[in-house]
Each structure stands twice: as C-alpha cells, then as structure tokens.
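In what follows, a single structure is set out as structure tokens and then discussed.
The values are calculated or read from the model by the stated rules, or taken from the named source; none is laboratory data. Because the structure is a prediction, the values reported are computed rather than measured. Backbone-built Cβ (ideal geometry, glycine too); neighbour counts: all protein chains shown.
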Amino acid sequence: MPVTSRVDGNVAVVTIDHPPVNGLGHAVRIELLRELRRALVSDAVRAVVVTGREGCFSAGADITEFGTPRSTTAPTLAEIIGEIDASTKPIVAAIDGTCLGGGLELALAMHYRVATPSSTLALPEVNLGFVPGSGGTQRLPRAIGMAAAADLITAGTSTTADKLADIPGQRLLEGVYDGDIVGHAVQVAARIADARPLPRLRDLTPTDRIGDNQLTDMRATLRTKHRGLEAPIAALDLVTRSATTPFDDAIAEERATFVRLVGGTQSAGLRHAFFAERQARKIPDLPEDTTTRPIGTIAVIGAGTMGCGIAVSFLDAGLPVTMIDTTRDALERGRRTIAAIFDSRVRKETLTSSEKDTRLARLRTSIDLHDGANADLVVEAVFESWDVKRSVFSRLDAVMKPGAILATNTSTLDVDDLADVTERPQDVVGLHFFSPAHVMKLLEVVRAARTAPDVLATAMTTARRLGKTAVVSGVCDGFIGNRMLQSYRDAAGRLLRSGLSPQDIDKAIESFGFAMGPYRMGDLAGNDIGWAVRRRRYVENPDMPHDTISDTLCEMGRFGQKTGAGWYDYPSGGRDPVPSSVVEEMLSRFRPRIAEDERPSDRQIVERLVFALIDEGARILDEGIAHRSSDIDVVYVSGYGFPRYRGGPMYYADQVGLDRVLAELIADNPDDWQPAPLLVRLAKEGGTFG
C-alpha cells in the first residue's frame, strides 16, 4: 500500500511509502485521505502525525499525470488540504529529507511541522513553468514572511530546514531535531493534543510587507534573470496577495493561475526538457545493471582554461586530481586559476574557506606523466590539434595502469582515430566538457566504435557524480552540439552576407530566448577556435567553401572578448558588446548593407537559424549519432543557450509542424540544397520527431 498507518499511544502515524519520491499521484491521494479520515474519526486517536518513508516526506505532484484525467480526479490535493483545514484534531508533519512542491504545500496545511536539520524544502514549480497550486503562495509568506517566501518561490530553489528555522519570527517549524524525527513528532503531538485553538497558517498574516519600490526592483530582477518566463512574475504577484487579499480569494486566484500556466506552451516545453534529461540517462543497448569501474583518482592532462575547469569539477566532487602539463610555469598558472575559482566562491559565500582549502589539498601537479599513471580516469584536455592529441594518447597508452579509462575532451576530432592510437581502444571514450567546464552542466559522452560497455556506463555515472547532464553521442565531426552549431553559424553567415549586421542577427535570436546570438557567442568563446577548426576542415576537404568574412575577421586579430575586439568592440577590456565601425567597414567590402524594406523580420531571422538546427538535428538522428530526438534537445537546452521553455530544437519543430519547417528551409536555401531525408519523410507522413 502506498500509505500506511499505525497508532503510537494516542497518536496516529500516517506514512506515505511510495518509492522513489513519495509523489502525490492519484493512488497515493486516495490512500492518504482514507488514512487521515480513519484517524480523525477514531476515538482512540487524539492527534495525527504525517510523514514519509525515511529520507523523503514527499517530492510533490506526479507530473506525469499533468494533462491527464488523473490529475483532477478526486481526491485532489486541494481536497485533502481542505480536510486538514477542517480537522478538529492537531496534525503534525514530520519532515525528513525531501519536501518539495505539493509535499510542502501538504505540510504547510498542517498545524505543526518538525524537521531534521538537513531536510530540503522548496516550492520549485516555476522551474516547470507554473506556480504552486495548492496554497503555497499564500501559506509560505505567512510562515516565513513575504520577502523570504518570494525569494524561494520565484527562484524555485531549495533550502534546508535549519536555515528556515533561523529566520526571525518564522512560524514554519515547531522544532528542528536530529535523529528519529517521527519519534519527536509523536512527542510534540502528544504534548499539544489538547491545545486549542488549532494554529492554521491561513489564519495568520505575514509578518512583513513588500513595499512598492522593492516590488518594482524584484520584478525587474526576475525579468532579467528569467528572461521571457511567465511563472516567476506570476508567482511574485500571488505572494503579494497574501497581505492584501482574503485567503480564500487568493487561493482561488492561485489555482486559476496554476491551471492557466500548466496548460500553456512554456510549461509544456519545460516539462519536456525535464523528462528529456532523465531519458538521456538511458542508453538503449546498455543494460541498467552494467557493472561500472571504480573511479577514485583522476588525472587531467593540460593546465589551460579547459583543463583547470575540468579539474575543478572533479575536486568539487571530492576526487583527488593530478594535473599534468609540460612546464612548471603552466602548472603554476593552472593552480592559480583553480585557486581563483574557489576564491570567487568564497567571496560569494557559496563556499567556505575551509572547503576551499580541502579542495586545493586534493590537487597535485606534475610535469611527469608517470605521476598520473595510477589514476582510474585520465582526461586529456590539450590543444585541439590532431598531432598533439595523438602524441598524448600514445604516451597515455604506454603509461596508464591497465583498466584505466582514457578520455579525450576533443570537441571535433575523431575519437575512433584516437582510440586506434592505443592498444586498448575499449578503454577510450570522449568526455566533451563545455567551457567553463566547472559551470556548464552539459557533458557529451562520445561513444567510440570499440568503447567497452562498462566504460560507457562508468562515464555516465561519473557525469552524474559531477552534477553534469550527460548525453551520449556517436562519433562524427563536432558530435551532436558542434555539428549542429556549424549549420546554425552557416545560416547566420548567409544572413550576414545578405546585408544584415551581427547585431541584427543577435538581437533577433536573443528576443526568441537564446542566451546569446551567434556573434556574441563567438566573441565570448573566441573566434580563433572556430578559425582553427575551419582551417583543419579546409585541408581535409579542399572543395569546402571558405568562410571568407569570418576568416578575414580573425586575420585582423579580432578574436573576441579576450582581445577586446571581435564582431563587436569591447572598450577598456569590458564584456559589454558595442557595435563596431571597423567590422561594418570590413563587411562593406564583401556585401552592401541591406535596404530597410528588404530586411527580413526578426521572426524570419529566427526561423532561418533555428530551422537550420532542426535540419542538421534530423540528419544526426537519422545517422544514429543521437539515440533520440529528445537527446538533441537536452544538448541544446543545457549547453547552447536554447531557451529551455521552448523545449529544444526538435521539440520546437514538432510544435511548429515539420511540413512548415521543411517548406521554409527549401525556400531559404539554394536550389541545389537537399533537406535531411528524415525531415522529408516525417513531413510527408504528418509525423513528428518525438
């Protein structure tokens, strides 16, 4: 049974026991209401404790029910909360571990709450594009104050019970206890069994107010931080109602807002991204019980920017790292870079000084490859050159212990060719981190032709250990993300050659929701990186058209922010892009500026860029480079700034309609251009990628 009950003295203990997260799906709601009613009518019961199985109170609603009849089939969570509101007996929530969303709303409706110090509480609904729908925006402000509640609800982040208990004047927690939280809750319930009137958060008023100026500032911050998202602003507006609107009226408004947003396109896209990330962990031909190799020590080859970021990722995960480079100067610069990353966190109070020192103590440096020979996993992060990487892998093959995993961080080179350099190709895998590696969540795990199943499984579990979102890719030039990026940049280049400016193109795609347009992104990453890739490809494919404009920009030394000039100017070494007269003059040598009446609309610019991504994604899917279309969505949402609330390029294509995508691509490309065969087939069949 998903809900059980027992009686301890004169206290009923109702336990939600529905692994893995005690979600409040329909079956759980039925049983929970039944057990609550049974306890409330029993003459032998004077008080009730509600808890979850050890380590989880409840992670909230079962979002797989959203959009199905089960989500609104009685009893709803609101009906259960109504029963609690009407209870004549005290009900105590015993919180241990996770208490999220509807789980926290359930606890907020109870008369008392106790928790273990490390329990995590949150109302994370905005992350899925909607607002709390069962009283969270009204009860939490009454429990911890409007400002604190607004911060938690609009950010959708979690915090621990001990931190919440420290909020001055909080009325959320009766107590925070180590050890057996149910035992403590039973003691509290027995002590207050006869206390009347029963305290209900709904009967209180918030202890603070959000002033008009503060509210204006908060809205502006949310619009900047959550650009284009509806839910955070809607949640803030609902929190403000807790001080001005009768409780039942505010609850009705909250529910209406919840229903509207859950049924909207943003929530649908965000939920798709949420499930896509979980689906990406499943590899069709790799059994879930595949044995993994133990990973206890790491070697990182290369002390540059990427190598340092990778090292920080492993140090953060509690793993000792040996960083190896060819010179002591390079290693000293790398150590300073890593220390500076941790120092920045200490200043921001996201890391303590002692935690910084502990991490740095796990870092060793050496110029001798043999000092990393006993590592369980070695990650090569040297310059993106075939000759350099081949040399490194040949030496790693000779030095590393048997069974060590040899990983390359290459972003474009052939992992099969690197594996062939060694006598142990089964141990070789690609781990393509994204810059900055200690910040970016995406990790492309590149499966070579002979990568052993246990190596692939270990790479995936290691990614989760690092807090990364991992997606498996097959071997091709650029893998999933950078291969598609090339098509996206080619489309941007055609727009540029048509007479548009870099800022015209960037402005349009950023208004669609991208974090950065292609030209701002190029300046941030370094235009010389793409130049090096193009020069390699020119040699490998002499018939390949040259990107003369981009090559000319690099020949001018305009590599981006790091040189103070790229597609934009960056005066005084700043990071804010300024349109460049030098670039405009350079562009004028290749094409005239487009006439205003011929200029495509922002929507047309967006479609040319995004539809180019979709076409290349279809080719990648058809070739088996990606297992599923949702994996491609995860790559672009997690690593390339595609707006999460739009779900990803392949999901977006399904919403637009593949027939329309195909028609626009054919209209916008040269006559001899051929669309992806999979896209053509699906469009003709009226099908979708998903």
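Condition first: in contact with a His (Cβ under 7 Å, 6 or more places away or on another chain) and more than 21 Å from Arg537 (Cα to Cα). Can you find one or more residues in region 407-423 that meet it? No, the conditions are met nowhere in region 407-423. Within region 16-51, being buried (at least 20 other Cβ atoms within 10 Å of the Cβ) and of a type in the set (Ser, Thr, Tyr) holds for one residue alone: Thr51. Exactly one residue out of Thr216, Thr205 is in contact (Cβ under 8 Å) with a residue 40 or more places away in the chain and more than 17 Å from Val50 (Cα to Cα): that is Thr205. When region 334-390 is filtered for residues that are among the basic types (Lys, Arg), more than 29 Å from the chain's Cα centre (by Cα) and assigned to a helix (DSSP H, G or I), the ones remaining, listed by number, are Lys389, Arg390. Do we have Ile295 as in contact with a helix residue (DSSP H, G or I) (Cβ under 7 Å, 6 or more places away or on another chain), surrounded by 16 or more Cβ atoms within 10 Å (Cβ to Cβ) and in a loop (DSSP other than H, G, I, E, B) here? Taking the combined requirement at face value, the residue satisfies it.
Every residue, every condition in (1) of a type in the set (Phe, Trp, Tyr); (2) surrounded by fewer than 20 Cβ atoms within 10 Å (Cβ to Cβ), yes or no:
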residue	(1), (2)
Ala398	no, yes
Ile405	no, no
Asp416	no, yes
Ala419	no, no
Val428	no, no
Phe434	yes, no
Leu443	no, no
Ala448	no, no
Leu456	no, no
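Taken over region 461-493, the criterion of being over 27 Å from Pro600 (Cα atoms), of a type in the set (A, V, I, L, M, F, W, C) and assigned to a helix (DSSP H, G or I) is satisfied by Ala463 alone. Which one is nearest to Val114 (Cα to Cα), of the residues in region 52-63 that are buried (at least 19 other Cβ atoms within 10 Å of the Cβ) and of a type in the set (Gly, Ala, Ser)? So, considering only residues that are buried (at least 19 other Cβ atoms within 10 Å of the Cβ) and of a type in the set (Gly, Ala, Ser), the one nearest to Val114 (Cα to Cα) is Gly52. Regarding Thr240, is this residue within 30 Å of Pro117 (Cα to Cα), part of a helix (DSSP H, G or I) and of a type in the set (Ser, Thr, Tyr)? In short, yes. Between Arg599, Arg535, Arg593, Arg589, the distinction of being under 30 Å from Met650 (Cβ atoms), in the same structural domain as Gly657 (by TED's automatic domain parsing) and surrounded by fewer than 18 Cβ atoms within 10 Å (Cβ to Cβ) belongs to Arg599 only. Filtering Asp528, Asp547 for residues that are assigned by TED's automatic domain parsing to the domain that holds Asp576, free of Cβ contacts under 8 Å to residues at least 60 places away in the same chain and either among the basic types (Lys, Arg) or farther than 23 Å from Pro592 by Cβ (or both) leaves a single hit, Asp528. Of all the criteria given as (1) assigned to a helix (DSSP H, G or I); (2) modelled with pLDDT of 95 or more; (3) assigned by TED's automatic domain parsing to the domain that holds Thr64, the one not satisfied by Arg271 is (3).
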